Structure formats: structure tokens, C-alpha cells
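Below: the structure, in C-alpha cells.
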Amino acid sequence: MRSAVEELTSLKREITEGPDAAATRRQRDKGKLTVRERIELLLDEGSFHEVEPLRRHRAQGFGLERRRPHTDGVVTGWGTVEGRTVFVYAHDFRIFGGALGEAHAEKIHKIMDMAIAAGAPLVSLNDGAGARIQEGVTALAGYGGIFTRNTRASGVIPQISVMLGPCAGGAAYSPALTDFVFMVRDTSQMFITGPDVVKAVTGEEISQNGLGGADVHAETSGVCHFAYDDEETCLAEVRYLLSLLPQNNRERPPAAPSGDPADRRCEELLDLVPADGNRPYDMRRVIESLVDDGDYLEVHERWATNVLVALARLDGQVVGIVANQPQSLAGVLDINASEKAARFVQMCDAFNIPIVTLLDVPGFLPGVDQEHGGIIRHGAKLLYAYCNATVPRIQLILRKAYGGAYIVMDSRSVGADLSYAWPTNEIAVMGAEGAANVIFRRQIAGADDPEAMRARMVKEYKAELMHPYYAAERGLVDDVIDPAETRQVLIRSLHMLRTKHADLPSRKHGNPPQ
């Protein structure tokens, strides 16, 4: 027995060290960590328990039968992050370039099934060259099994994809099916067809990073939620995100003790937000003022910047924040902003995270490109997400809330539990100037001094329909509050709503706008 154990220990040591020193050196020369170094950074020290480290492929042909390394190029198992169970699979680029074959896929399938059964988050550390060509269609079938499990796990357990190397072809669809995608600049890329294929088909020349690098997906495509300069920072932020998420859809997010008083007044808000609705300000500073210790995790920070979505804590409890950003396109809703906010609302609702919506929106972005691009169906995605959400929902109107954008941004009429407003709120079908031009166009056109008449009509419209208490008088706003008391009001309201229960109609699933 002792001899057998010594042999096992030696074999396990070889597996842990990796295929050979040259392969490890090539990995480091690219500025990348090894697979086990990445897992060590992700998980609590000493907590990783590996599954199937002795697995080897059984494929024949093209010399594969003479090359059968253990793990088959993917390390799978579970560990803990801040003491809570997390499942992980990580490609080892040093073995077959991290390419997926039959045995490789079966290991991933198994760990995904375990994560779903255990009700714990799944993190994939992606650094692979796609399907293993030598294994043909069985490799492609392996991806099908991954996609199926991604879909079954959607809204059941948090799924996080961390891109630490190339991800091309069909392999890119697995990260697209998960809740969050992290990327590292210069070393990770995602695309369906690579630069060579693009050049052959269209004649366009572009680099791998130019086609599918971290900055492209963080700013242009919206595929990537978080982009970082190095793997260490990236994996540290994955740990932070996990600390804000529940283990599964049956639990609430973990609470954390807060040293920030729940009754703290936010006097700075009285000067931060200009009363003039045409003057911009940074909504991030409003969020910093409201949340515990000014700490929050912004999602999709560089894509669709006219709307902000973030995870934060109020009195130690996790909340999701959706907010217009007046510094970008005046905070209007457009196609990308609607999609960004809708996906975030759906994620929060799936994982029992209350939603606070901060409104300062002049409407939807007008333009031929927006209309032809489908702003109607894309804007409807956000409307659908809010209407379908059963978690506690609070709306806060800071200044402007015009037209359909007011309704879409979680108004009382679409199911917000509570709606509050600051004394600077303006809730209306449109701005006073536009409304006056429509309603009083004949009087203005027939006046001796049209400009003076227009100014008078604008003032009259504001006085009648846009004063800060108009919506509150009609029960569409629950209260008009002192901005300095906003944090207190939100915390008290969320505490009351913690026991909220809402049932949706019995159905197989909805058919959201696409």
C-alpha cells in the first residue's frame, strides 16, 4: 500500500506541475499564468478539490494515441471563495492548446452538472483554441453539451466566464450564455471568425485584438462586462463579484456588516444635482453618496454609457442600481442602453437582488438610425424586464422623467413597489417647450410677439402639469423627499420589502421581445 501511495503521489505531482517546462515557459512568455496559478488566485487558499485529474482521452488517429496527457487539457473541481462553495473549470493551454475534445468536454459537463445539483456558482477560466480538430464531430458535440447546461443553469446559479486567452468559433457562445464575462487586455480575444477568415471573405485586414480584444467587447459590442490589464486584478474582481451574488436562485445575496450608518444624511446631494434640467452632472457621484462607504461594482462600465448599472450595498444588503447618466447623451435611452439595463434587471430578478432605479431621463434617443435599428423592440426589452421582475423595486426621480422613458424606467404603472421623487422632479409626456409648441401652436403663431407668447405658454404648462407635486397628488409618486434623506428612505423601504412575495402567471416561459 505504501508503495502504491508513493506512486500515486508522484503521478499527482507530475500532473500538477504540467506537461513540460518548455510549455510553461511559452505560457509565461505570453504574459499568462498557468492554469493552477489562476485557480489559486480565484479560490481561497488550499480549498481546491480537483475532479478527474487522471482523465485521459481515448481518441485514435493523427498521432493522438501516442499523446495522452492527464487532465486532457482542462482542470475541473470545486473550492471556496470567502468560505462559500464555487465550482470551476479552467483550460490548460499547454495541453493541446486547451482545445476541447470528447474527454475534455465530458469533464466540463460533469462539473457543470455538479454545480447545478449543488446550487453553487460556476466560474470558467477560458484559455483554449476551440474544438480539437483531430476528434472531429465529437468535439463539436461536446460544445453542444456545454451550451445546453449553460442554458439550464441560467437564472439558477450564477455563471461567470473569465477570458484569459483566445476563444474562437462556436466556443464563444458559451461565455455569451453566461451572466458575466471578464476579459484581460492584450491576452484574451473572442470572435466567431478570426482575422484570416475575415480577410479572405471581406478583404478587411484587422488584428486579433482589433477584431475581438477586451476593449472592443467592453466598449463596442457589449459582450464583455469587465476588462482589466492583468490576470491578478481580473481574478480579484471575480472574487468581489461573487461576494455580491447568492449561491443560487433560492437564496438571497450575502449580507455584510456595514459601518456606514443607515440614517446617514447625504447633504452633498443638495448641491451635486443642478435644479436646471439642462445641466449635466455625474450620476456616479449620486450613487457613491447613497451606498455603503461609497463602494459599488459597476457592470458594463464602458458600453452604453448613457445608463449605469451597478451592484452595491445599502445597510449591508446587496442591491442592483439602474440609473440614467446625464453626462452621456443627457441620459437618454437608446438601443444599447435599453439592452444593457434589461439584461441587468433580469439578472437581479433571477438572483433575488432588489432593484433601485434612479431616474433623470429626457426620453428615448430620436433618429433614423435608432428607429431603423429597432428602438421599439429593444426598448421593449427593458419594459418587459421590469414588468416581469418580482424582486423589491424602488423608483427615485431626481429631475426629468419624460414620455415613454419614464414609464419604461420602472414607474408605478409597470409595477414599482414604491416611487419617490426629489423636489426638482419634472414628470411629463415631454419637456415644457415641446409641449407648449404642440398645444398652443395656434396661439403662438397668431400672436403679435410669438416668442413672448411661447414663453408665457411654457410657464403656464409648467405651472399646471409639471410642478413637483403633480404626480404625487395623483398617487403616481408615493412621496416627495428631501434629497439628503434619500439613503434613509431607501434603506427603510428596502427593509420593509424584504418579505415581498409576488407570483407570476403559470406558464412555460414568456416570449420577450428580441
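The values are calculated or read from the model by the stated rules, or taken from the named source; none is laboratory data. As the structure is a computational prediction, the values presented were derived from the model and not from experiment. Positions of Cβ are backbone-derived with ideal geometry, glycine not excepted, and every protein chain shown enters the neighbour counts. Surface accessibility is based on the protein's heavy atoms, side chains included, excluding ligands, DNA and RNA. Shrake-Rupley method; radii C 1.70, N 1.55, O 1.52, S 1.80 Å.
Structural remarks
- With the convex hull of the Cα atoms taken as the outline of segment 130-202, the averaged projected area works out to 5.9 nm².
- Kirkwood Rh (inverse of mean 1/r, distinct Cα pairs), segment 372-514, angstrom: 17.5
- Per-pair calculated FRET efficiency, R0 = 30 Å: residue 80 and residue 202 via Cβ, rounded to 0.05: 0.05
- Seen against the Cα atoms of the chain and their longest principal axis, helix 2-17 is set at about 50 degrees.
- Angle in degrees between helix 335-350 and the longest Cα principal axis of the chain, rounded to the nearest 10: 70
- DSSP-defined beta bridges in segment 23-124 - what % are antiparallel, rounded to 5: 80
- Computed on segment 61-127, with alpha-carbon pairs under 8 angstrom and 6+ residues apart, the relative contact order is 35 percent.
- Treating each Cα of segment 352-397 as one equal point scatterer and applying the Debye formula with no solvent, the log10 of I(q)/I(0) at q = 0.27 Å⁻¹ comes out as -1.03.
- Amide H to amide H distances under 5 Å link residue 81 with 44, 86, where only residues 5 or more positions off or on other chains count and H is placed in the peptide plane.
- Prolate/oblate/rounded call for segment 1-122, Cα gyration tensor, a/c under 1.5 rounded: rounded
- Using Cβ point charges alone (K and R +1, D and E -1), the dipole size of the chain about the Cα centre works out to roughly 1560 debye.
- Phi angles across segment 92-106 convert, under the Karplus curve 6.51 cos²θ - 1.76 cosθ + 1.60 with θ = phi - 60°, into 3J(HN,Hα) values of 10, 5, 6, 10, 6, x, x, 5, 8, x, 4, 5, 4, 5, 5 Hz, Gly and Pro given as x.
- Each Cα pair under 8 Å and six or more residues apart adds its separation to the average, and for segment 1-149 the resulting relative contact order is 20 percent.
- Counting DSSP beta bridges with both ends in the chain, the antiparallel % (nearest 5): 40
- Listed pairs 32/107; 400/459; 107/340 exceeding 25 Å between Cα atoms: 107/340
- The chain - percent of accessible surface contributed by carbon and sulfur, probe 1.4 Å: 52
- Unit Cα scatterers, Debye sum, the chain: log10 I(q)/I(0) for q = 0.06, 0.08, 0.09 Å⁻¹: -0.34, -0.58, -0.71
- For the chain: relative contact order, % (alpha-carbon pairs under 8 angstrom, 6 or more apart): 9
- Dmax and Rg, reported as Rg then Dmax, of segment 312-449 (C-alpha, Å): 16.7, 62
- Inter-centroid distance (Cα atoms) of segment 343-359 relative to segment 177-209, Å: 30
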